[in-house]
1. What is the packing order of peptides 433-445, 495-507, 236-248, taking the mean over residues of other C-beta atoms within 10 Å and listing the highest first?
2. Taking the Cα centre of segment 385-518 as the origin and placing charges on Cβ (Lys, Arg +1; Asp, Glu -1), which of Pro394, Leu423, Val473 is farthest toward the positive end of the dipole?
3. Can you give the FRET efficiency to the nearest 0.05 for Glu492 and Thr216, using r as the Cβ-Cβ distance and R₀ = 35 Å?
4. Estimate the FRET efficiency between Ser500 and Leu283 by the formula 1/(1 + (r/R0)^6), using the beta-carbon distance for r and 51 Å for R0, to the nearest 0.05.
5. Say the cut-off is 29 Å between C-alpha atoms; which of Lys295/Lys460; Lys451/Lys501; Lys300/Lys451; Lys194/Lys451 go over it?
6. Pop out the ³J(HN,Hα) list for segment 389-394 in order, Karplus 6.51 cos²θ - 1.76 cosθ + 1.60 with θ = phi - 60°, rounded to Hz; leave Gly and Pro as x.
7. Leaving out ligands, DNA and RNA, and with a 1.4 Å probe, what % of the accessible surface on segment 327-387 is carbon or sulfur?
8. Considering the dipole of segment 239-372 built from charges on the beta carbon (Lys and Arg +1, Asp and Glu -1) around the Cα centre, which of Ile343, Ser243, Asn316 is farthest to its positive end?
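The values are calculated or read from the model by the stated rules, or taken from the named source; none is laboratory data. All of these numbers come straight from a predicted model, not from anything done at the bench. All Cβ positions, glycine included, derive from the backbone under ideal geometry; neighbour counts span all protein chains shown. Protein only, heavy atoms only, side chains kept; ligands, DNA and RNA dropped before computing areas. Shrake-Rupley method; radii C 1.70, N 1.55, O 1.52, S 1.80 Å.
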Amino acid sequence: MMEQQQQQQLKRRQRLCGRSSAESNGARTQQEVIFLLAVASVLFTCDMKFAELMTYLREDPQHVPPQCYSERPDINMAAVSSFKGPIRDRLPQYEWQPPVLPPPLPPPNAVTMTNRRKRQNEEYSPHVVKRQRLSPPRPRTPPPLPRYRDEVVARPSRSTFDGYDRPHASVRSHPRPEAITVPQRPDCLMIYAKDKLSAQMVELFEACQQQISDLTKKESCRSRLLQDIRRIYTAARLYLTGSSMNGLGCRSSDADLCLVIQAKKRADTIHTLSALQRLFNSLSYVDRTQLIRAKVPILKFREKNSDLEFDLNINNTVGIRNTFLLRSYAYADLRIRPLILVIKKWARHMLINDASRGTLSSYTLVLMVLHYLQTLKEPVIPSLQRDHPECFNPFMEIDMIPDGPKHIPPYISKNQSSLGELLLGFLKYYARDFRWDQQVISIREARAFPKNNSKEWRNKFICVEEPFERNNVARAVHERIKFDAIKSRFAEACQILHKSKDLNSIIPVRAIINKELSGR
């Protein structure tokens, strides 16, 4: 009985286990079906996306990763490498244009300078340095916000001077106004030439001013000379300086050259110039060499088959500095260049413009004109060195010098005097007002400061300060008779011109123009 009951219980358990196993297998089968359906759905969706992607890539190969190019025979590799595929053709070429913004108002009592002027004839731009470099090219850091794609902005630098380094302030060490609204000024010089005298001055200036063709000839000869000089001095550098580069030259102006080499003593300078004289005598395009043993020794020579004359000095680098200082003044106001040219022509006609004969050098005359324009009740120009010392730092590296003046903001003068009025005022100032025996002319300070008992100024008839070296550039006037002749010429011209208001009364205008044109 007991055995039968146990057998029945065992059979019951087996039936229950079998039913449970079947139920479990059924549930597991349903879960597997659901999972497989989900996987199939995902795979179908991915396949559709992949098909769309492949279609997109076939239509536009620019989206294919580089490593896939070798696996895509339908892609034009030439188009890919030159970046001229389909997408390039659909997009317009990007080209930066400066935004046109209304200029801000100037701050009260702002000192500004203007460069708004048209080129006259073939005259070169005030900020173009012809071909020559003032140092071997160096890597420059890109400007923070360049206005044009080819703009080069000077960077901070240090210069070795007298055996130790002195810091040089960057020309961008202070923020510069991008644009300043100033009263409208005339772009044409004739606005200052409404009277007869002024019109005559403009006529003389237009006929005699240096043309770009004249500058090109000088630059061409400079370039040839440098190649020949480097046969002896391999590291030499040769620069055009003086009136050829500062905007104050005539068509007949000589060309000043500064040769920079390793030479420390005056004896070395004379030796170098003698070696160059021998070299130049062997050159087919150089003629009439002459060594001048002055305080600043020079080698004079002429280009063969032309009237172009050169004065070459060794390591007189202050000439490079004052070239770009005077250039900045020359283009600060439309009236400056015509006024200086007329005064130089007058002084040359009066035989008081020749330092080798004990009278005034052209450089001295230019500083005298600038000083007069700075000291008027309403100045025509300011002192650039005083107002912008970082642009004319005397320790600035030579290769940085041309860049410094580019960052001077515009200046507008309230003085609206005509050219004739300024010429009369200049003659009157030095004939009656200026105290030759008591004052020193300084464009660096925009004033005439009192003479002191220093060696530089003591017992000198005329005292004109060199703006960088601060010595006397009028030291050639060392004879009383020459000094008296200079003062007499100023007084006579002032009296005659005041009465006649005719430029022909003090210089032969037409004869000067004809001579200038015949020489070139």
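1. 236-248, 433-445, 495-507
2. Going by the charge dipole, the pick is Leu423.
3. Efficiency computed from Cβ-Cβ geometry: 0.35.
4. The computed FRET efficiency comes out at 0.55.
5. Correct reply: Lys451/Lys501; Lys300/Lys451; Lys194/Lys451.
6. Each residue's phi maps through the Karplus curve to give x, 5, 7, 10, 4, x Hz.
7. C and S fraction of accessible area: 53 percent.
8. Asn316
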